[in-house]
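What follows is a single structure, written as structure tokens, with notes after it.
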Amino acid sequence: MDFALNEEQRILRGQILRFAQDKLNKDVRQRDRDQVFQRELWGACAQMGLTGLPVPQAYGGPGLDSLSTAIAIDALGYGCEDSGLVFSICAHLLACVVPIWKFGTEEQKNRYLPGLCDGTLIAANAMSEPESGSDAFAMQTRAEPHGDGFLINGTKTFVSNGPVADVAVVFAITDRTKGYFGGITSFLVDRALPGYRVAQKFEKMGLRTSPIGELVFEDVFVSRHAVLGGVGGGSRLFAHSMDWERACLFASHVGTMERLLEKAVAYARTRRQTGQAISKHQAVAHKIADMKMQVEAARLLVYKAAWGLEHSQSVSLDAAVSKLFVSESLVRTTLDVVQVFGGYGFLSEFDVERAVRDAIGSKLYSGTSEIQRNIIAGWLGL
Ligand SMILES: Cc1cc2nc3c(=O)[nH]c(=O)nc-3n(C[C@H](O)[C@H](O)[C@H](O)COP(=O)(O)OP(=O)(O)OC[C@H]3O[C@@H](n4cnc5c(N)ncnc54)[C@H](O)[C@@H]3O)c2cc1C
């Protein structure tokens, strides 16, 4: 077993890190305050290949393997202090681009992937509904056969990128009698279609530069060519997307934790109280030691799950374990950094209060912590 990054992965990490530090961090505090999503930054990320990391070159992506994809996203999380932007890119990439690449027809891949990779198109994943969150398959949105296609009706909520997306991966019931497996289908739905409505945009506590809102579908006609992954294949496609999201999106949080750890070390070394650096107080140093332990363990879990996406028969257990550990470590780390900074950690200008606000959602999206524990318990036969 080799734990070292290879030469290509080291170069990739360095390039993305420098790019993020140089280009993505200007005015983050202000953008967070105003909930601003900047399309130019999206374009810059696309030029770096970040919006299509594992997509083969034939469709416009850099064609990275799954582990290198996680390494790139880890570097992005380390270098970029705008966690909302990172989250938007990951939601687009892992819950939309990856399923199109993995489940799309040749026609769908040729039609969507080049634009999704080069930054021209933004995608959103629309699964959650007002009455179905953790129980995602209790959805009400339905797609009924109509002519050469389907008519979609329903409301989706919590759609990351929804307010700015050009195309949405929409899940709908096609056969209620078949239930979870076989009864749900995913569709590629273009924003320009009649009946597709971008409804309310939400204000939220963190990840404020990542736009999120409701999408409403009223008699939206899609042709049968819009079916992604076959009629009835929605649950399989969703599970696959969640494996990628739980494994790779959370790589960005490992990078964030490492950045916060370094910030805590630097502050604890220079802030003096009672005649010495606060790092000399064991209570402070131990908090930081725990941060180090968590970032190291988190990275191993993430890289193992990401590697498994291409090498394991099923990666769902590893992805759930990794997602659960990383999100809970991230929230703990951000709270501990505030504690190390004392009252200054509570002030916006030190940027660590934003890190707390940005972190909380990680225990909710991609399935809550409770749902990850249910998945793990299920794998243990409980
Ligand atoms: C920042 C953010 C971005 C998101 N982006 C998207 C997106 O792009 N697309 C999308 O479709 N959705 C998205 N979501 C929605 C997200 O997937 C849901 O919020 C999540 O699945 C939980 O659903 P819910 O909010 O309805 O909570 P509920 O399901 O109502 O859960 C409420 C509480 O009950 C607990 N609970 C529920 N069921 C169980 C159970 N069986 N066992 C134990 N505990 C349970 C939950 O863990 C939670 O603590 C996003 C959410 C957030 C916060």
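State which residue is surrounded by the most Cβ atoms within 10 Å (Cβ to Cβ) when the search covers only the range 94-119 and only residues that are of a type outside the set (Asp, Glu) and free of Cβ contacts under 8 Å to residues at least 60 places away in the same chain. Full working, then the answer.
Narrowing the range 94-119 to residues of a type outside the set (Asp, Glu): 94-105, 108-117, 119.
Filter again for free of Cβ contacts under 8 Å to residues at least 60 places away in the same chain, leaving 97, 101, 109-111, 114-115.
Numbers: Val97: 29, Trp101: 21, Lys109: 20, Asn110: 13, Arg111: 18, Pro114: 17, Gly115: 18.
Taking the candidates together, the pick is Val97.
Among the residues that make up the range 78-101, is at least one of them of a type in the set (Ser, Thr, Tyr) and either farther than 27 Å from Cys45 by Cβ or out of contact with any helix residue (DSSP H, G or I) (no Cβ under 9 Å at 6 or more places or on another chain) (or both)? Don't jump to the end; show me each part of the working.
Here is the first cut: in the range 78-101, the residues of a type in the set (Ser, Thr, Tyr) are 78, 83, 88.
Among the residues that remain, those that are also either farther than 27 Å from Cys45 by Cβ or out of contact with any helix residue (DSSP H, G or I) (no Cβ under 9 Å at 6 or more places or on another chain) (or both) are: none.
No, every residue in the range 78-101 fails to be of a type in the set (Ser, Thr, Tyr) and either farther than 27 Å from Cys45 by Cβ or out of contact with any helix residue (DSSP H, G or I) (no Cβ under 9 Å at 6 or more places or on another chain) (or both).
Of the helices (runs of 4 or more DSSP H) entirely within the range 18-127, those holding at least 2 residues that are touching an Asp or Glu at 6+ places or on another chain (Cβ under 6 Å) and more than 16 Å from the ligand (Cβ to nearest atom) occupy 66-79. The single condition among (1) open to solvent by less than 50 Å² (accessible area, probe 1.4 Å); (2) within 17 Å of the chain's Cα centre (by Cα) that Ala136 does not meet is (2).
Regarding Thr333, is this residue of a type in the set (Val, Ile, Thr) and buried (at least 18 other Cβ atoms within 10 Å of the Cβ)?
Working: of a type in the set (Val, Ile, Thr): yes; buried (at least 18 other Cβ atoms within 10 Å of the Cβ): yes.
Judged against the criteria, Thr333 is a match.
Do we have Glu370 as of a type in the set (D, E, K, R) and open to solvent by 50 Å² or more (accessible area, probe 1.4 Å) here? Taking the combined requirement at face value, the residue satisfies it.
Residues that are away from the ligand (no atom under 12 Å from the Cβ), more than 25 Å from Val55 (Cβ to Cβ) and open to solvent by 40 Å² or more (accessible area, probe 1.4 Å) within the range 139-166 comprise Gln140, Arg142, Glu144, Pro145, His146, Gly147, Asp148, listed in sequence order. Among the candidates Asp65, Asp74, the residue that is open to solvent by 40 Å² or more (accessible area, probe 1.4 Å), in the same structural domain as Phe103 (by TED's automatic domain parsing) and out of contact with any Leu (no Cβ under 8 Å at 6 or more places or on another chain) is uniquely Asp65. A Cβ distance below 8 Å, combined with a sequence gap of six or more or placement on separate chains, defines the contacts here; from the range 15-43, residues that are at negative phi reach residues that are open to solvent by less than 40 Å² (accessible area, probe 1.4 Å) and of a type in the set (Asp, Glu) in the pairs Leu24/Asp82; Asn25/Asp82; Val28/Asp82; Val28/Asp351; Arg29/Asp351; Arg31/Asp82; Asp32/Asp82; Leu41/Asp82. Are any of the residues in the range 336-356 under 30 Å from Ser132 (Cβ atoms), out of contact with any Leu (no Cβ under 9 Å at 6 or more places or on another chain) and within 16 Å of the ligand (Cβ to nearest atom)? Scanning the range 336-356, I find no residue that is under 30 Å from Ser132 (Cβ atoms), out of contact with any Leu (no Cβ under 9 Å at 6 or more places or on another chain) and within 16 Å of the ligand (Cβ to nearest atom), so the answer is no. The one condition from (1) without any contact (Cβ under 8 Å) to a residue 24 or more places away in the chain; (2) on the phi < 0 side of the Ramachandran plot that Gly63 does not meet is (2).
The values are calculated or read from the model by the stated rules, or taken from the named source; none is laboratory data. From a predicted model like this one, the values you see are computed outputs, not experimental measurements. Please note: Cβ atoms are built from the backbone with ideal geometry, for glycine as well, and neighbour counts cover all protein chains shown. Just so you know, the surface numbers come from the protein's heavy atoms only, side chains and all, with ligands and any DNA or RNA stripped out. Shrake-Rupley method; radii C 1.70, N 1.55, O 1.52, S 1.80 Å.
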